[in-house]
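Worksheet: one structure, shown below.
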């Protein structure tokens, strides 16, 4: 399960391959923060996994961005 912030660009639904190969003109710095979670006894449902991944994402952002928190 993957969740990313910012939503989809207008008209992008169902066109993942086209988006993945689209050239983008550099316009400044890019930061990436990732929150990772997996199924366990504490996160048995898809909803609980997503909630935990969100918590980890916000922790990554709060601790300096450009981080992965699992």
Candidate set from the range 24-48 (those that are touching a helix residue (DSSP H, G or I) at 6+ places or on another chain (Cβ under 7 Å) and closer than 18 Å to residue 64 by Cα); member that is surrounded by the fewest Cβ atoms within 10 Å (Cβ to Cβ): 36
Test result for residue 52, more than 11 Å from the chain's Cα centre (by Cα), outside any loop (DSSP other than H, G, I, E, B), at pLDDT 95 or above and surrounded by 10 or more Cβ atoms within 10 Å (Cβ to Cβ): yes
Residue 12 being assigned to a loop (DSSP other than H, G, I, E, B), surrounded by 10 or more Cβ atoms within 10 Å (Cβ to Cβ), at pLDDT below 90 and more than 15 Å from the chain's Cα centre (by Cα): yes
Residue match in the range 55-70 (condition: exposed (fewer than 13 other Cβ atoms within 10 Å of the Cβ), part of a loop (DSSP other than H, G, I, E, B) and modelled with pLDDT under 85): yes
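The values are calculated or read from the model by the stated rules, or taken from the named source; none is laboratory data. None of the values given here were measured: they were computed from a predicted structure. FYI the Cβ positions are ideal-geometry reconstructions off the backbone, even for glycines, and counts take in every protein chain you see.
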